[in-house]
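A.B. asks: Take a look at the following structure, please.
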Amino acid sequence: KRIIDVAKIIHTQHKDRVPKNMDALVSLPGVGRKTANCVLVYAFEQPAIPVDIHVHRISNRLGLVETKTPEQTEQALMEKIPKKFWLQINDTFVMYGQNICKPISPMCNVCKIKKSCKYYATKNAA
C-alpha cells in the first residue's frame, strides 16, 4: 500500500520523476533520512551519507563520532568527512560491519585498521 501511495504522489506531485532532494524525498510516506540518502547516492550519485546500524556502529567504534542516533552520526560525519568520500561510506562501512566489525564478537584480530580504532584500544587496554 505504501509503495502505491508513494508512486501516486510521485506521479501527481513530481511529474513521474523521483525527487532529487532530501526535503522532497522525506516528505514521501515512509521515507526517512536513510532511505532518502540511499536514493540520492544510488539513484542519482549525489553526495550523501546513508547511516544504517553498521555505519553508526563503525563510526562510533573508530572514534570518528561520539553519537547516540543515526541522525547525529550522519550530521557528524558530514562535518568530518570530505564530501568527495560520501558516496563510498555506506558501501564500505556496511560491508566491513557485516564481515569484520560485527555487533557481537567483532573480528578485531583480522581488522586492518585496529591500530586506529578507539574500540580496539579500549577493549585491549589493561
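A.B. asks: Out of the residues in the range 100-117 that are surrounded by 11 or more Cβ atoms within 10 Å (Cβ to Cβ) and among the charged types (D, E, K, R), state the one that is farthest from L62 (Cα to Cα).
C.D. replies: For the range 100-117, the residue satisfying everything is K102.
A.B. asks: Now a separate question. Residues that are farther than 17 Å from R33 by Cα and within 11 Å of the chain's Cα centre (by Cα): does the range 65-79 have at least one?
C.D. replies: The answer is no; no qualifying residue exists.
A.B. asks: If you take the residues of the range 38-61 that are free of Cβ contacts under 8 Å to residues at least 40 places away in the same chain and out of contact with any Ser or Thr (no Cβ under 7 Å at 6 or more places or on another chain), which of them is surrounded by the most Cβ atoms within 10 Å (Cβ to Cβ)?
C.D. replies: It comes out as A48.
A.B. asks: Every residue in the range 49-63 that is under 22 Å from L25 (Cβ atoms) and in contact with a Phe, Trp or Tyr (Cβ under 6 Å, 6 or more places away or on another chain), please.
C.D. replies: The answer is I49, H54, V55.
A.B. asks: So for the range 62-84 (the condition being under 27 Å from I9 (Cα atoms), among the hydrophobic types (A, V, I, L, M, F, W, C) and surrounded by 13 or more Cβ atoms within 10 Å (Cβ to Cβ)), does at least one residue qualify?
C.D. replies: No: the range 62-84 contains no residue that is under 27 Å from I9 (Cα atoms), among the hydrophobic types (A, V, I, L, M, F, W, C) and surrounded by 13 or more Cβ atoms within 10 Å (Cβ to Cβ).
Any read-out appearing in this document is the output of simple, stated calculations on the displayed coordinates, not a laboratory observation. None of the values given here were measured: they were computed from a predicted structure. A quick note on method: Cβ atoms are made from the backbone with ideal geometry, for glycine too, and the neighbour counts reach across all protein chains shown.
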